[in-house]
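Report on the following structure.
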Amino acid sequence: MGSIFFPLTFILFLSLSSSSSSLNLDNQGIKSARLLDLLIRDYTFQSFDNKNMKTGKVHTVNLPSNLSGINVDSIRFRCGSLRRYGAKLKEFHLGKGVIVHPCIERVLIVTQNLGSNWSSIYYDNYELSGYQLISPVLGLFAYNADINFSSHFEIGIQSGLKDPIKIDFTKTTTRLNTTKGMIPLCASFEKDGKVTLANLGAENFCFSTRFGHFGLVIESPLMPLRKKVISGWKIAVGSSIGAVLGAFLLTLLLIALFVKVKKKARMEEMERRAYEEEALQVSMVGHVRAPTANVTRTVPIIEHHEYIPHPPPH
């Protein structure tokens, strides 16, 4: 009996320790905006395991206590109906003609309101030096939603320029009247870590042609400048590229020096041969080529005072 009790106790201890460690990871390890999106997605689909979710009905997702302050809502549509009629879910207005791709039959639209506590994660993950968030960050995502929710892959949302997606910050932003004349800007947080700024539209609307995260910012010179941290792999890649370029340039330099030395030696050889040919000409002597020198002897001239005529013979 004791031999059976010990393994059962050990297995129970391992399961409890693993569950507590995963909870600690959820509480302390959420420092990435992408990781937060994945957690929200998993909790959203877990809430539908034992429910018969109707198409077109808004469903509020209950998140655990360690994600308190985040409001998540979802609604399922047929892809064709969403494109024909558009939709409105919380702060997001999707106009007619919106396209979700790739969509097999149904799509699950998920909206996020990260509140004041979790919106700061975007200041830590994105380069916002000189700007300050004055609104919660709002997110819009779409996932494949078949009948059994067996596939949870993310799909894209695309709207036309004539009828873009509208993000309403009227009810979520309480600091618009306290900015002391500063004009808020719409911030779009891209997946590649970049932030795109645009002017705020009428009635506190921001506009976008695709899904993602959005917020309002104002210029704030009091916000500290942060030093950009360069990851190790970027340093390694940069060092490798620099070494290759250095070796390539050194090779080009050595080739240039070799060509220059070779050219100089060739010119000296040509000058030497030209000098020798000029100093000692070559002529044909019979069938043999032989060097010959120019005639330098002076032709003898008989002086008149040295000329003594011979007497004529008798």
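The values are calculated or read from the model by the stated rules, or taken from the named source; none is laboratory data. Owing to the predicted nature of the structure, the values given are computational and were not obtained by experimental measurement. Ideal geometry is used to build each Cβ from the backbone, glycine not excepted, and the neighbour counts take in all protein chains shown. Accessible surface areas use protein heavy atoms only, side chains included; no ligands, DNA or RNA. Shrake-Rupley method; radii C 1.70, N 1.55, O 1.52, S 1.80 Å.
Please give the FRET efficiency for Thr55 paired with Met182, using the beta carbon to beta carbon distance and R0 = 35 Å, rounded to the nearest 0.05. The pair Thr55/Met182 has a calculated efficiency of 0.20. FRET efficiency for the Asp124 to Gln158 pair, using the beta carbon distance and R₀ = 25 Å, is estimated at 0.30. Peptides 99-110, 257-268 ordered by packing proxy, namely the average of other Cβ atoms within 10 Å per residue, highest first: 99-110, 257-268. For Ile241, the solvent-accessible surface computed with a 1.4 Å probe is close to 90 Å², ligands and nucleic acids excluded.
Placing a pseudo-label 7 Å from each Cα along the Cα-to-Cβ vector at Asp146 and Lys171 gives an inter-label distance of 3.5 nm. Which FRET efficiency, nearest 0.05, do Glu105 and Ser240 yield, Cβ-Cβ r, R0 41 Å? My answer for the efficiency is 0.30. Extending 7 Å from Cα along the Cβ direction at Lys264 and again at Lys31 yields two label points whose distance is 5.9 nm. Length available on full extension from Asp192 to Tyr43: 0.36 nm per residue minus the Cα-Cα distance, which gives 51.2 nm. In this simple spin-label model, placing a label point 7 Å from the Cα along the Cα-to-Cβ direction at both Tyr85 and Ile255 gives a separation of 6.9 nm.
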